[in-house]
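Please treat every number below as a calculation from the coordinates, not as lab data. Please read these numbers as outputs of a predicted model, since none were measured by experiment. Neighbour counts run over all protein chains shown; Cβ positions are idealised from the backbone, glycine included.
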There are 2 protein chains.
Amino acid sequence: MPPRPIRSFSLLLAWLLLVGLAALTGIFTPPGEWYASLAKPPFTPPNLAFPIAWSLLYLLMALAAWRATRVAPAGQRVTVLWPFVAQLAANALWSPLFFGLHWMGLALADLLLLWALIVLTIRRFAGVSPLAAWLLAPYLAWVSLAAYLNAGVWWLNG
Amino acid sequence: MPPRPIRSFSLLLAWLLLVGLAALTGIFTPPGEWYASLAKPPFTPPNLAFPIAWSLLYLLMALAAWRATRVAPAGQRVTVLWPFVAQLAANALWSPLFFGLHWMGLALADLLLLWALIVLTIRRFAGVSPLAAWLLAPYLAWVSLAAYLNAGVWWLNG
């Protein structure tokens, strides 16, 4: 049991809010007719897979950040957590770039940056909490798939 | 740290699989043109809200059942957990009834039964783990909303 459970719950709430903010950009720039009209690469998941996957991934990453924040020594928190915040920003940027502006090339560049930042985040988290690092593994896997899909769609429709 | 972490992970996997099975009926009987053509009651959420909410709720309920199983004394496990399994069955039944068969009245009856079973589950979980009980609170809230929507749709289109 944590010594100050209320403060721990506020911390979880704070991370959920920040992650939720990033998720909002995806909600406000959803796939539409443009995406439906594009040629898709092989193994493109059905549309329903995306809100299901992202809901779970956003929750897992908020839990990971919460865990990492709680176990990191006070002087190391910024070092451990800035990659997470940076990857969140790259994540939030992608939907507006791809579904909003239809800039498939720049969106792919953003995804590759996101991928690298997630790897860096996982390494920083692993230094304080293996659990926090593992909670991000599905996220990295999904972003790998997303990069393939982005590249494939760009290749087929660029 | 649990004394046997591998067994604990297998247990989590087992609950995730069972809950995932229940979630499958919803994936195979999604809203379609019939639902789109129905008159909707006030405050009906946008379609995207449903896969997002259910993804999170299914994960939370699997975590709750995992937690309850781990802390319940061996002789009490069936007592503590059968309501959860029963509510899962009622949950799995709803989408086929509503979206599959269009039986709005029977679907509503199933939802009311589900609601009562979730309350019973929460009470049983609370006896062994307050956390496990609280993890089900969003689920009960959402099913309350679902009952209102089901009743409203039935009223407007029955």
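Numbers below:
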quantity: Value of Rg/Rh across chain A [Cα atoms, Kirkwood radius]; calculated: 1.01
quantity: Between region B:94-158 and region B:22-47, the Cα center-to-center distance that results, in Å; calculated: 15
quantity: Cβ-vector label at 7 Å, B:V71, separations to other copies in nm; calculated: 2.0
quantity: Potential lengthening between B:F9 and B:L113 on full extension [0.36 nm per residue; Cα-Cα distance subtracted]; calculated: 34.3 nm
quantity: A:L131 paired with B:A39, simple spin-label distance in nm, labels 7 Å along Cα-to-beta-carbon; calculated: 5.2
quantity: Label distances, nm, B:F28 versus same residue in remaining copies, Cβ-directed 7 Å point; calculated: 3.9
quantity: Spin-label pair A:A89/B:L145, simplified geometry with 7 Å Cα→Cβ offset, distance in nm; calculated: 3.2
quantity: Principal-axis tilt of helix B:77-95 within chain B, Cα atoms, nearest 10 degrees; calculated: 20
quantity: Value at 222 nm in deg cm²/dmol, rounded to 500, when DSSP H runs of n ≥ 4 in chain A each add -39,500 (n - 2.57); calculated: -25500 deg cm²/dmol
quantity: Rounded to 10°, Cα long-axis angle of helix B:5-28 versus longest principal axis of chain B; calculated: 10
quantity: Rg over Rh, two decimals, the protein assembly as shown (C-alpha only, Kirkwood Rh); calculated: 0.98
